[in-house]
């Protein structure tokens, strides 16, 4: 039977004996690197003003830490994991402690230099660095998280942290977004040192199904910020005055969050050039234009707008004062399609698959089309074994059959339009 996964919870008084044994295993008894004796450390941990958390795996304590806030400074004490504990246990503990400090108003976290190599490496990866002339590590804290109570009315959520790393293919777009958008927000001190401005708003454009929404969620995942979506279609049925008011109310609530990636899909429904075939309510458009500066004026908020038709947007809407970058997210090239296919093939089958021919046959496929075809191949193999008793997993023939039954989203004309739009509108 598999062991239950470790989880982070509040320290209880009955945990103290096991906590002291954990300190002893880590060499913190009789005196730790923080200069505290066992009794002093226990008193500090149980203090009413402190937040004390443990990592519990099947009733065993495999990690613990304590935090306290003094003005803008959050102090971490007695951060420790059991010998051989999984790195994920420490990451969960650090995440929970940092969020607790942020919720109590801390904007900087400090702790004494660690003795544990695992802890030392993880702290360095998170940006903790020694304060000159001291034995203290410090890092700036971003207000990165919001609780379910604050997010629920907005339909917002925290995105799985692994999403950004799991994005395969589309490496060119991913690299540009990482360098231009994510790094200046994740490495604020370094960006400020070099005079790099924090991006506040970006536009992602490209044909349908190329991953614009996934990239927006990936940004939230990478930054560990809440993801909140404003849906133009949801505003359309209320009439001009009410729709504009609802948009303003939504932004008011979003600005109340400590941080957010604010996503507007199909933004052409709010800000396109008025034409006979697409009439945009000017009241809603004007309200949206009024809200963009409000979103730009607050820290830890990023507006991400996506469109399939960048040429339909009002040119004034795209000006640099409103959007820092206008980034293309195009169809996957052969290398990107190979990366996407390899990911699904690895999950679906252990048979030898001719990925090269899959790449050749899917030139007009988006990542979403490839995902659909891959799942269809898995279904075909499943049905074959069930009905025919053929005991092997999906083979190249199943993948090719699935490709033949999948209608590609893209056309040659759409790809040509995207290339022209990239030359005309892209700004990175």
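The values are calculated or read from the model by the stated rules, or taken from the named source; none is laboratory data. Because the structure is predicted, anything quoted here is derived from the model rather than measured. In this analysis, Cβ positions are derived from the backbone assuming ideal geometry, glycine residues included, and neighbour counts consider all displayed protein chains.
Brief remarks on what is shown
- Any hit, the stretch 301-311, residues being in a loop (DSSP other than H, G, I, E, B) and either within 23 Å of residue 151 (Cβ to Cβ) or touching a strand residue (DSSP E or B) at 6+ places or on another chain (Cβ under 6 Å) (or both): no
- Taking the criterion of being more than 24 Å from the chain's Cα centre (by Cα) and buried (at least 17 other Cβ atoms within 10 Å of the Cβ), the residues of the stretch 279-302 that qualify are 280, 281, 284, 285, 287, 288.
- Whichever residue in the stretch 179-212 is out of contact with any strand residue (DSSP E or B) (no Cβ under 7 Å at 6 or more places or on another chain) and closer than 27 Å to residue 364 by Cβ and, among such residues, is surrounded by the fewest Cβ atoms within 10 Å (Cβ to Cβ): 208
- Candidate set: the stretch 154-178, residues that are surrounded by fewer than 16 Cβ atoms within 10 Å (Cβ to Cβ), assigned to a loop (DSSP other than H, G, I, E, B) and touching a helix residue (DSSP H, G or I) at 6+ places or on another chain (Cβ under 9 Å); chosen: the one modelled with the lowest pLDDT: 161
- Residues of the stretch 342-371 that turn out to be within 24 Å of the chain's Cα centre (by Cα), under 13 Å from residue 394 (Cα atoms) and surrounded by 21 or more Cβ atoms within 10 Å (Cβ to Cβ), as a count: 1
- Count - residues of the stretch 87-118 that are surrounded by fewer than 18 Cβ atoms within 10 Å (Cβ to Cβ) and assigned to a helix (DSSP H, G or I): 7
- Qualifying residue in the stretch 271-285 (condition: out of contact with any helix residue (DSSP H, G or I) (no Cβ under 7 Å at 6 or more places or on another chain), modelled with pLDDT of 90 or more and farther than 23 Å from residue 412 by Cα): no
- Those residues of the stretch 26-39 which are part of a helix (DSSP H, G or I) and either under 18 Å from residue 136 (Cβ atoms) or touching a helix residue (DSSP H, G or I) at 6+ places or on another chain (Cβ under 7 Å) (or both), in sequence order: 38
- Test: residue in the stretch 239-262 that is at pLDDT 95 or above, in the same structural domain as residue 168 (by TED's automatic domain parsing), under 30 Å from residue 423 (Cα atoms) and not in a loop (DSSP other than H, G, I, E, B): yes
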